[in-house]
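Down below is the structure, laid out as structure tokens.
The values are calculated or read from the model by the stated rules, or taken from the named source; none is laboratory data. What you see is a predicted model, and the numbers here were worked out from it, not measured in a lab. Backbone-built Cβ (ideal geometry, glycine too); neighbour counts: all protein chains shown.
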């Protein structure tokens with residue numbers, strides 16, 4: 001009965017709610033990082049504008065397309081870089097930097113004939129043999145073996161640096177290996193220092209070691225190939241695919257670099 005009476009009693013009045021305006025703390029959105037505009041070297045833009053025949057608007061558009069081409073190349077969008085650079089090269093064929101960019105983009109896109117045309121033009125304009133090994137590699141990819149040897153002759157006559165000459169020899173040796181002329185390829189790379197043992201090899205020496213190891217492997221001399229691939233791995237374990245090549249040749253454990261403490265001073269002079 002008592003519980004029934006309690007249920008019939010009038011309920012207490014509802015509590016009064018007071019609306020209070022309080023600022024709600026919200027997380028500020030992270031500032032958007034705007035990508036800095038890609039800038040073309042000033043001397044190249046000036047050269048394009050100087051030789052361009054057309055209106056000011058067309059000149060600016062050519063410089064803009066070249067800037068986009070350089071940015072696309074740096075971002076590894078080689079087909080886009082080639083398309084844009086080629087459009088500018090058609091307008092200013094005498095600007096070496098434009099030919100260089102178009103040629104390198106074509107090479108990366110595996111457009112061998114276009115790459116050869118632009119990089120050969122670059123050499124004609126500048127007489128700089130830096131990219132002649134790339135021209136040789138384009139002819140090698142197209143199996144124009146005589147053209148490779150002809151361009152190597154041009155390379156030797158143009159007074160190249162040691163690095164550029166080594167690259168040319170590497171491409172020529174690979175071309176001869178493609179024709180099963182292994183003895184000639186091995187002799188060429190050996191004379192260039194490909195079999196030389198060095199304590200502190202440079203980039204050029206690693207390239208020569210790897211190229212010579214590849215020729216030995218293709219010729220069937222797997223022991224010599226293992227030795228040279230091992231040298232590459234000891235000097236730089238991440239160089240090319242030398243670790244994989246060693247494993248394919250039966251060396252399951254990659255050699256470790258000797259970090260034994262030296263007791264005699266070693267000259268820091270760069271080994272040539």
Exercise. Taking the options 50, 99, name whichever one is exposed (fewer than 12 other Cβ atoms within 10 Å of the Cβ), modelled with pLDDT of 90 or more and part of a helix (DSSP H, G or I).
Key: 50
Quiz item: Of the residues 160, 201, which single one is within 19 Å of residue 239 (Cα to Cα), outside any helix (DSSP H, G or I) and either assigned by TED's automatic domain parsing to the domain that holds residue 145 or within 25 Å of the chain's Cα centre (by Cα) (or both)?
Solution: 201
Exercise. State all residues of segment 147-169 that are surrounded by fewer than 17 Cβ atoms within 10 Å (Cβ to Cβ) and either farther than 19 Å from residue 190 by Cβ or in contact (Cβ under 8 Å) with a residue 24 or more places away in the chain (or both); if no residue qualifies, say none.
Key: 149, 150, 153, 154, 157, 158, 159, 161, 162, 163
Quiz item: Restricting attention to segment 170-192, does a residue exist that is surrounded by 14 or more Cβ atoms within 10 Å (Cβ to Cβ), outside the structural domain of residue 86 (by TED's automatic domain parsing), under 25 Å from residue 96 (Cα atoms) and without any contact (Cβ under 8 Å) to a residue 60 or more places away in the chain?
Solution: yes
Practice problem: Name the one entry in 140, 144 that is surrounded by 17 or more Cβ atoms within 10 Å (Cβ to Cβ) and under 22 Å from the mean Cα position of the chain (by Cα). | Solution: 140
Practice problem: Output the residues belonging to segment 67-79 that are surrounded by 17 or more Cβ atoms within 10 Å (Cβ to Cβ) and part of a helix (DSSP H, G or I). | Solution: 67, 68, 69, 70, 71, 72, 73, 78
Quiz prompt | Filtered residues of segment 79-100 (kept if within 20 Å of the chain's Cα centre (by Cα) and within 21 Å of residue 163 (Cβ to Cβ)) | solution = 97, 100
